[in-house]
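Undergrad: Below you will find the structure I want to go over with you.
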Amino acid sequence: MNNLFSLRWWFGGWMLLVLSLQVAQAQVQPLISPARAQYIEAHEHGWVEVAVQIPANMIESKASTPCMLEANLDGEPYLSETLYPSPAASGSIRTGFVLNTPAGQHTLNLSYAKCYKDKSSTSFAFLLPDRHRLQLLFTGQALTLAQAPVRETGSLAGVQSTINDVLGRQGEQEQAIDRKLSTLFDTFLMGVAVIAMLLGLVFLRLLKKKKD
């Protein structure tokens, strides 16, 4: 009986842990699908890094009240995130996120509500070159430029893009070599065929002379 009771407690604990992990994962919800993200990464793109630094006086006094932050790019929903004021940071919010963004001219819009005294939204227009990272700062009142676009050379994403480019060029070179080898092989076969035909004619002539 005690073993059965312990087993139930053990199973219940595991179910509670799984449910807690699911709730924690649900707090950050990227709204673009994996297929959309892969399409962006397969073409010219960069990264928009948004640092969120909201002072405590911009937040309602109840620290347990979650803050909702939503981001959309040119009207396309990108992110819905739940933020919590940090007691370790005197009730302020210190966090951030990175968005994979197609290269080009865009407008990023942030909307925030619930824990804030007034629901509001702010936008920032920018030009993002290929393989560049743009850093923005969101203070609860404004979304401003923290650092102009910088070309990524040492990030994992930048390294991966470089590797993909190298592999792509290597693949093109291998295809070109294969085509050349195929052409040379076809030429070789044609030469062998011509030589065989000439030898056959010579052999026939020798046979004819012997008969004569």
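The values are calculated or read from the model by the stated rules, or taken from the named source; none is laboratory data. Because the structure is predicted, anything quoted here is derived from the model rather than measured. As a convention, Cβ positions derive from the backbone with ideal geometry for all residues, glycine included, and neighbour counts pool all protein chains shown. Accessible surface areas use protein heavy atoms only, side chains included; no ligands, DNA or RNA. Shrake-Rupley method; radii C 1.70, N 1.55, O 1.52, S 1.80 Å.
Undergrad: Please determine whether any residue of the range 99-115 is closer than 21 Å to I32 by Cβ, surrounded by fewer than 14 Cβ atoms within 10 Å (Cβ to Cβ) and either without any contact (Cβ under 8 Å) to a residue 12 or more places away in the chain or within 22 Å of the chain's Cα centre (by Cα) (or both).
TA: Just the residues of the range 99-115 that are closer than 21 Å to I32 by Cβ, to begin with: 99-112.
Now narrow it down to the ones that are surrounded by fewer than 14 Cβ atoms within 10 Å (Cβ to Cβ): 105, 107.
Restricting the remaining residues to those that are either without any contact (Cβ under 8 Å) to a residue 12 or more places away in the chain or within 22 Å of the chain's Cα centre (by Cα) (or both) gives 105, 107.
The answer is yes; a qualifying residue exists.
Undergrad: Here is a further query. Filter the range 12-34 for residues that are open to solvent by less than 70 Å² (accessible area, probe 1.4 Å) and either closer than 20 Å to L134 by Cα or modelled with pLDDT of 85 or more (or both) and give the result.
TA: Within the range 12-34, I32, S33 meet the criteria.
Per-residue answers, yes or no, for (1) surrounded by 15 or more Cβ atoms within 10 Å (Cβ to Cβ); (2) closer than 16 Å to L110 by Cα; (3) at pLDDT below 90:
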position: V52; (1), (2), (3): yes, yes, no
position: C67; (1), (2), (3): yes, yes, yes
position: A71; (1), (2), (3): yes, yes, no
position: A89; (1), (2), (3): no, no, yes
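Undergrad: Out of the range 54-65, which residues are at pLDDT 85 or above and outside any loop (DSSP other than H, G, I, E, B)?
TA: If the condition is that a residue be at pLDDT 85 or above and outside any loop (DSSP other than H, G, I, E, B), then I54 is the only one that fits.
Undergrad: Next question, about the same structure. So which residues in the range 71-107 are among the polar types (S, T, N, Q) and closer than 16 Å to F124 by Cβ? If you could, list the steps in order and put the result at the bottom.
TA: Within the range 71-107, the subset among the polar types (S, T, N, Q) is 72, 80, 82, 86, 90, 92, 95, 100-101, 105, 107.
Within the range 71-107, N72, T101, Q105, T107 qualify.
Undergrad: In the range 73-87, how many residues are touching a His at 6+ places or on another chain (Cβ under 6 Å) and open to solvent by less than 50 Å² (accessible area, probe 1.4 Å)? Please lay out each step first, then the result.
TA: Our first condition is that a residue be touching a His at 6+ places or on another chain (Cβ under 6 Å); within the range 73-87, this holds for 73-74.
Pick out the ones that are also open to solvent by less than 50 Å² (accessible area, probe 1.4 Å) and you get 73.
Residues that pass the stated criteria total 1.
Undergrad: Kindly indicate which of M58, M68 is touching a Lys or Arg at 6+ places or on another chain (Cβ under 6 Å), farther than 23 Å from A148 by Cα, of a type outside the set (G, A, S) and touching a residue at least 40 places away in the same chain (Cβ under 8 Å). Show your work before the answer.
TA: On the way: M58 fails: touching a Lys or Arg at 6+ places or on another chain (Cβ under 6 Å).
That would be M68, the only listed residue that is touching a Lys or Arg at 6+ places or on another chain (Cβ under 6 Å), farther than 23 Å from A148 by Cα, of a type outside the set (G, A, S) and touching a residue at least 40 places away in the same chain (Cβ under 8 Å).
Undergrad: Go through (1) at pLDDT below 90; (2) out of contact with any Ser or Thr (no Cβ under 6 Å at 6 or more places or on another chain); (3) of a type outside the set (F, W, Y) for A42 and report which single condition fails.
TA: Result: A42 passes all but (1).
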